[in-house]
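The values are calculated or read from the model by the stated rules, or taken from the named source; none is laboratory data. Fair warning: this is a prediction, and the values are worked out from it, not measured in the lab. Counting neighbours? That spans all protein chains shown, and the Cβs are built from the backbone with ideal geometry, glycine included.
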Amino acid sequence: MELTIKKIFVGLFISLSMLLPFQSIAQQSSNTDEPLILGILPFSSPVALLKRFAPLRDHLQQKLGLPIIVETASNFDEFVMRTHARRYDLVLTAPHFTLLALDSGKYDVKASYLKPLSAAISVRRDSNIRYLKQLEGKKISTPPEIAIITIAGKSHLKKHLKTEPQYVTYQSHNASLDAMLVGNSIAAIASLNPTRQYMQRDIPLRIIASTPPLPGMGLLVAKDLSKALQKKYQDALINMDKDTEGKKALKKMGYPGYRAVKKQEFESTRLFLQK
């Protein structure tokens with residue numbers, strides 16, 4: 001009971017902490033212009049997510065003409081449950097969770113990243129490990145077990161190793177990388193994008209392998225919103241790399257842009273749901 005209460009408290013705290021910066025915006029909106037809730041998968045800390053996606057929120061607010069509240073959850077499971085309960089109007093989530101949201105019948109997917117996802121397996125820069133086979137029996141940090149990057153990374157290692165590594169799970173991709181950097185693991189599995197961002201900041205790590213490409217993150221919209229709003233949302237996303245202000249927002253986030261996508265593209269992730 002104590003753990004359950006603690007989990008609920010943490011989830012509420014994170015949601016409220018994400019809401020506070022936007023309260024003034026929401027209060028300024030009229031009854032006919034209710035703020036939209038943008039739910040973002042908690043693949044990083046709430047503070048990092050808020051900072052990272054503030055440019056996207058601002059761009060969408062300007063294009064849609066409505067205030068937007070950014071929310072996340074305390075963990076992946078909670079986020080998936082909230083998505084299924086139709087808590088969010090707009091959603092940015094992992095490809096296999098995109099498929100779950102589509103299966104619920106409550107959302108349509110409107111866009112995905114221009115570049116596919118991939119899991120990177122990295123070590124500290126001064127490590128003597130150069131090849132995957134050197135990771136046999138070693139301790140490897142990962143994001144949550146249900147993260148598609150974790151599943152893909154483990155599957156890739158299983159094909160190359162005779163002895164299974166010791167996997168240690170952390171709450172986010174950044175936490176997996178940080179655990180490796182401070183010596184709590186020999187190697188780390190994390191999404192290729194945050195791994196490269198660490199390297200661009202000259203954080204001492206080195207990628208030794210990456211998985212084949214996966215479908216990108218899905219950007220969804222609730223089906224009960226007006227068709228006009230859904231169209232404006234999709235147009236705002238897929239035209240960001242052609243819009244002057246959109247380009248500035250993408251540069252701040254470190255993303256190349258978004259493209260229109262069909263739900264069939266995410267069917268390949270059903271295997272990851274089964275795993």
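For the stretch 72-88, which positions are modelled with pLDDT under 95 and not in a loop (DSSP other than H, G, I, E, B)? Result: PHE76, ASP77.
Of all the numbered requirements in (1) in contact with a His (Cβ under 6 Å, 6 or more places away or on another chain); (2) surrounded by fewer than 17 Cβ atoms within 10 Å (Cβ to Cβ), SER191 misses one, and that requirement is (2).
Taken over the stretch 33-49, the criterion of being buried (at least 19 other Cβ atoms within 10 Å of the Cβ) and part of a helix (DSSP H, G or I) is satisfied by PRO46, LEU49. Scanning the stretch 236-275 for residues being crowded, with 16+ Cβ neighbours inside 10 Å and within 23 Å of GLY153 (Cα to Cα) gives a total of 5.
The residue that is nearest to ALA54 (Cα to Cα), counting only those in the stretch 227-249 that are in contact (Cβ under 8 Å) with a residue 12 or more places away in the chain and of a type in the set (Gly, Ala, Ser), is ALA249. The listed residues are ILE186, ILE203, and the only one of them that is over 30 Å from ALA260 (Cβ atoms) and buried (at least 16 other Cβ atoms within 10 Å of the Cβ) turns out to be ILE186.
Only residues that are crowded, with 19+ Cβ neighbours inside 10 Å, within 17 Å of ILE129 (Cβ to Cβ) and more than 17 Å from the chain's Cα centre (by Cα) were counted in the stretch 146-160, giving 2. All conditions but one from (1) of a type outside the set (Ser, Thr, Tyr); (2) closer than 21 Å to ILE151 by Cα; (3) at pLDDT below 95 apply to LEU102; the one that does not is (3). Residues of the stretch 164-188 that are part of a loop (DSSP other than H, G, I, E, B) and modelled with pLDDT of 95 or more: PRO165, TYR170, VAL182, GLY183, ASN184, SER185, ILE186. For the stretch 57-71, the set of residues classified as surrounded by 21 or more Cβ atoms within 10 Å (Cβ to Cβ) and either without any contact (Cβ under 8 Å) to a residue 40 or more places away in the chain or assigned to a helix (DSSP H, G or I) (or both) consists of ARG57, HIS59, LEU60, listed by residue number.
Each residue in the stretch 161-175 was checked for being crowded, with 16+ Cβ neighbours inside 10 Å and within 8 Å of GLY137 (Cβ to Cβ), and 1 of them qualify.
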